Amino acid sequence: MTSEQRQNNASTMGDPSADDPSADYDWQGLVRGMRTAFTVPGLVMAMSFLGFGALVRAIAFPLKGAVAMDILMWALPGQVVYVDTLSRGLALLLALLAVTLTAVRLMPMVVLVLARARLPGARRWPEYLAAHFIAATLWVMSEMYMEGVPRRQRVPWVIGLGLTLMSGMVLSTFAGYHLTAHMPTPLAAMLVFFTPAFFILALLDGARERADWAAIVLGALIGPIAHLSWPEIDLLLAGIIGGSLAMLFTHRGSRAQGERP
Amino acid sequence: MTLAEGVIQAPSWVLQASMLTTDSPLWNQPALWGAVILAGAAVTYIWRILGVLLAARIDPEGAVLRWVRAVATALVAALVARMVLFPSGLLAQAPLVARIGALIMGMLFWRLAGRRLALSIAVAAACFLLLEYLFP
């Protein structure tokens with residue numbers, strides 16, 4: 001590590017032990033993370049990627065494109081939006097705009113995971129690698145399991161967990177794509193249904209403050225209205241209007257809460 | 001009816017309006033479809049880079065991040081509503097009552113049975129299957 005990098009990282013937050021400039025990651029965390037992949041959230045994730053494979057098949061999107069998305073995008077809502085929007089024949093730029101708007105939510109997740117995992121004195125590249133694996137499920141898993149991982153092992157832990165989940169999800173997409181061809185339609189439709197069911201329940205499960213609840217309800221209400229009026233930008237409209245209204249409501253709510261002794 | 005038949009019998013507009021379905025000539029040109037996926041990857045990863053850069057500086061409880069989080073949450077909720085109310089492909093072949101009923105059952109179970117995520121998803125899927133057979 002160069003002294004320049006060290007300077008860049010010197011003024012950062014985190015626990016005091018993390019400010020040690022000689023600190024570096026303990027890569028034993030990699031194996032530890034790989035083991036964490038085999039838990040209930042990993043299984044749920046596999047189900048929804050089974051559904052993604054089925055969805056991809058159902059809208060006649062090629063498997064190689066879907067697998068490439070698993071590896072390069074690694075964010076199921078964005079992948080579903082991308083596949084869905086492209087196969088509806090909408091313009092590429094609009095599809096990318098929709099994808100990037102769903103990916104905005106990755107930023108706070110990366111911030112939240114890395115703030116608790118990174119060593120300010122250490123090399124930066126593991127952080128950029130770890131960030132590629134951070135999405136909704138991994139964020140939820142880090143809330144559940146990262147507390148028990150020693151600080152120096154945490155970024156490798158995220159990478160090991162992410163790599164293992166990604167391998168599993170590629171297999172899952174593959175299986176979902178091929179299994180549905182030999183399946184009765186209602187069963188195949190159920191696999192596709194795993195995706196919206198997983199999303200809405202994961203949103204509810206991750207909701208902590210009133211803004212989250214309001215955003216879920218408003219997004220689900222405004223979405224269909226926006227879809228009937230402006231199908232090209234329905235998700236963006238629902239997201240921005242619903243999210244902003246939810247923030248306005250909670251701004252008042254949190255202020256009222258703050259006034260309590 | 002198998003899925004393959006379902007795809008063949010899908011409304012013709014699905015295939016006609018499609019830009020990137022299996023029959024698109026684009027998939028024979030790795031450079032082109034690779035570029036499409038890479039573009040999707042780039043617009044996704046850019047927020048992760050921002051996250052790495054901000055992780056050291058930003059206040060995760062700050063107002064801007066809370067707004068961003070609210071927008072993203074509403075957007076995914078809208079995506080769920082779109083998939084359930086205006087489905088494409090296979091899901092469109094399931095009755096509306098199965099799509100909405102199963103989602104509501106899953107959420108009710110999640111609320112009443114101690115917020116068990118995995119079990120609630122399984123319950124929603126089981127209800128979906130049941131409703132599909134009850135209301136073909």
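A few remarks follow.
- Sum of -39500 (n - 2.57) over DSSP H runs of 4+, divided by residues of chain A (222 nm, nearest 500): -24500 deg cm²/dmol
- In this calculation the C-beta distance from A:Ser229 to A:Ala181 is compared with R0 = 45 Å, giving a FRET efficiency of 0.75.
- Stretching A:Leu171 away from A:Leu248 to a fully extended chain increases their span by 23.5 nm, per 0.36 nm per residue minus the current alpha-carbon distance.
- Chains B and A together bury roughly 8500 Å² of accessible area, counting both sides, with a 1.4 Å probe on protein heavy atoms only.
- For the range A:126-202, convex hull of alpha carbons as volume per residue, Å³: 93
- Neighbour-limited loop hits for chymotrypsin sites (Phe, Trp or Tyr not before Pro), the range A:153-225 (at most 16 other Cβ within 10 Å; DSSP other than H, G, I, E, B): none
- Considering only Cα atoms, the convex hull volume of the range A:48-170 works out to 99 Å³ per residue.
- A:Ala23 paired with A:Leu94, simple spin-label distance in nm, labels 7 Å along Cα-to-beta-carbon: 4.8
- Put simply, when B:111-123, A:57-69 are sorted by average Cβ atoms within 10 angstrom per residue, most first, you get A:57-69, B:111-123.
- Overall, the range A:198-255 carries a charge dipole of about 320 debye about its Cα centre when +1 sits on the Cβ of Lys and Arg and -1 on the Cβ of Asp and Glu, all other atoms neutral.
- Accessible area per residue for chain A is 39 Å², calculated with a 1.4 Å probe on protein heavy atoms, without ligands, DNA or RNA.
The values are calculated or read from the model by the stated rules, or taken from the named source; none is laboratory data. Here the structure is a predicted model, which means the values were calculated and not measured. Cβ: placed from backbone, ideal geometry, glycine included. Neighbour counts: every protein chain shown. Heavy atoms of the whole protein, side chains included, go into the accessibility calculation; ligands, DNA and RNA do not. Shrake-Rupley method; radii C 1.70, N 1.55, O 1.52, S 1.80 Å.
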